[in-house]
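Here is the structure we will look at.
The values are calculated or read from the model by the stated rules, or taken from the named source; none is laboratory data. None of these values were measured; they are calculated from a predicted model. Please note: Cβ atoms are built from the backbone with ideal geometry, for glycine as well, and neighbour counts cover all protein chains shown. The accessibility values were calculated without ligands, DNA or RNA, using every heavy atom of the protein model including side chains. Shrake-Rupley method; radii C 1.70, N 1.55, O 1.52, S 1.80 Å.
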Amino acid sequence: MVEDRTIIRKRKWLATVRGIVSHSVGGPEIEHAPCDMLLGNAILRVASLDQSVCSTAAATVTLDGIELDCEDCRRLALKYGDSLEVRE
């Protein structure tokens, strides 16, 4: 398991996110798998997914040897909250 402080330190790095659904500008859902987001924002995004959606889509965040699933993202979001957010 990767230490939390390593994740916090890398929260501004670009990570790959799989299994999330985004909305296009026009409104309809479009699945982006994989897509790139800053690590901190990706963790918060996956943590905000409904549990059933998260497990069905098998959402993950990966970066440089770090792989986080839904439960990891939820734990980090509960522990660190807004300090994970990165303004783009």
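Observations on the structure shown:
- First in segment 69-88 and under 12 Å from ARG11 (Cβ atoms), second anywhere and at pLDDT 95 or above and open to solvent by 100 Å² or more (accessible area, probe 1.4 Å), Cβ under 6 Å, 6 or more apart: VAL86/LYS12
- Candidate set: segment 38-84, residues that are polar (S, T, N, Q) and assigned to a helix (DSSP H, G or I); chosen: the one nearest to the chain's Cα centre (by Cα): ASN41
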